[in-house]
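The structure appears right after this line, and notes come after that.
Read-outs: derived from the displayed coordinates by stated rules, not from any lab. Small disclaimer: the values here were computed from a predicted structure and weren't measured. Here the Cβ is made from the backbone with ideal geometry for all residues, glycine too, and neighbour counts use every protein chain on show.
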Amino acid sequence: MANVSRREFLRLSALTAAASVAVACGQPPAPQPAEPVSAAQPTSAPEPSGGEPAAEARFAEAPGLAEQVASGALPPIEERLPVDPRVIPVVEEIGQYGGVWHRCAVGPGDAGIINSRLSYEALVRWNDDGSGVLPNVCKSFEINDDATEFVFFLREGMKWSDGEPFTADDIMFYFVDDLSNTDRNPTFPKRYRDPMNDENMVCEKLDDYSFKATFQSPYGLFIQMLAGPGALDWTVRPRHYLEQFHPTYADAAELDAKIKAANFTNWWELYGNRADWQNPEIPHIWPWLPTRVPPDVPVVCERNPYYWKVDPEGNQLPYIDAVHFDIVENADLLNMKAVAGEIDCQ
C-alpha cells in the first residue's frame, strides 16, 4: 500500500496553505467545522463550510463582471454558480475586489504553478493544517467499510470557465480516454492500481453528478493520494473541448488535418499540447485563467467569471482581479525583484 512520506506530507501542507491564501486574498482561513477524513478512519465526508449563505441571500460579484452582466456578455451570477458553491471562511474581514497580484516565475514553465499551487482544484484537498482531506471539487464523498469503493458527488450546476457544465462525463473522459488510453499512457499509473494485486482501478459513472472508483483490495490512502499534485488531471480535462483532438470522437480527416497544421505527427501529441495550461483556449475551473502565456511576459491570469467558490456573505471569489508572473532566469534575480518591492507575495 502507498505511504505518505514526511517530506511529501509537509510539502502538500504548504501547497494547501498557499492556495488558501491566494483565493482568500491573504487572509488566514478559519478552522474547518467539519471533521476531515484521515487514513485511519475511512468514512463519509460531508461538505466543509464556512457558513452557507442564507438561501434567500443574493450573491455578489466583482464590478467588472457586473458590468459584463449588464451588457449581456455574461449571464447573471446566480446562473454561473453551482447549486451549492463551496464557501471559503475568512477570519478578520470580508475582502474587497480589485488589484493585481505580482509574482515571479523562474523560467516559463514555473508559471504553471497557477494549476498546482495557486489554484489546487483537486477533487479533494488537504485541510489547512495537513491533518486530513476535505471535499473540494466534489461536494462530498463516501468510502465503504473496507476502503475498496469510493463514491464522489460533484456540484450540480458547476461550470467550466466557458460556461459549459462540469459533470461526471468530464471525469469519465479523463479516466477512459486519457488516463486509460495506451497511446497517452503506455503504463497505467501506479497510484491508480490495486495496492495488493496491481490491477487497474475501475471507474464508473453513476449519474451526471456522481461516480465510483473501485479496487479489489483495500486502498486506505486513496483519498489522500487524490489530494496530491499527481491527481490534479482529474479536473483539467474538459470533454467538450478536448474531444475534437481525440480519435474516439473527432472526424478522422479533420483530426489528421489539425495534426498536420500544428506540425505534430500523431494525435496524442496534439491532444497533449491542447490540454496544456499554456493553451489559453482550454477552459478551466481555476480562480484565474491564463490569458497571456509564455513566451510573452508577463504571464497573465485573469479572473474566472464562473469560479464556483464564495465567501460567507456570498461574494464570488477570487477577490483579486489578476495574477501577473514576471519571468526570470534564476532564483537570484527573483530575490532581487523581491528586495526591490516588485513582488507582492511569492
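Things to note:
- For the range 62-131, the Kirkwood radius over C-alpha pairs fed into Stokes-Einstein at 20 °C and 1.002 mPa s yields D = 135 µm² per second.
- Relative contact order of the range 228-346, defined on C-alpha pairs under 8 angstrom at six or more residues apart (%): 15 percent
- Volume of the convex hull of the range 47-185 (Cα atoms only), normalised per residue: 203 Å³.
- Annotation: amide H of Arg292 within the under-5 Å range of Val300, sequence separation 5 or more or interchain, hydrogens built in the peptide plane.
- Gain in span if fully extended, Leu333 to Glu156, counting 0.36 nm per residue against the direct Cα distance: 59.2 nm
- For the pair Val69 and Ile343, label points projected 7 Å from Cα toward Cβ lie 3.7 nm apart.
- Length-normalised contact order for the range 153-229 - Cα pairs under 8 Å, 6+ apart - percent: 27 percent
- Sequence-ordered 3J(HN,Hα) estimates for the range 236-242 from the Karplus curve with 6.51, -1.76 and 1.60 and θ = phi - 60° stand at 10, 10, x, 4, 4, 8, 7 Hz, glycine and proline given as x.
- Where labels lie 7 Å past Cα in the beta-carbon direction, separation of Thr187 and Asp233 in nm: 1.4 nm
- With only Cα atoms counted, the range 194-346 has Rg and Dmax values of 20.2, 56 Å.
- Förster radius 35 Å - calculated FRET efficiency between Val202 and Glu302, Cβ distance, rounded to 0.05: 0.35
- Chain lengthening between Asn263 and Asp129 when straightened (0.36 nm per residue, less Cα-Cα): 43.6 nm
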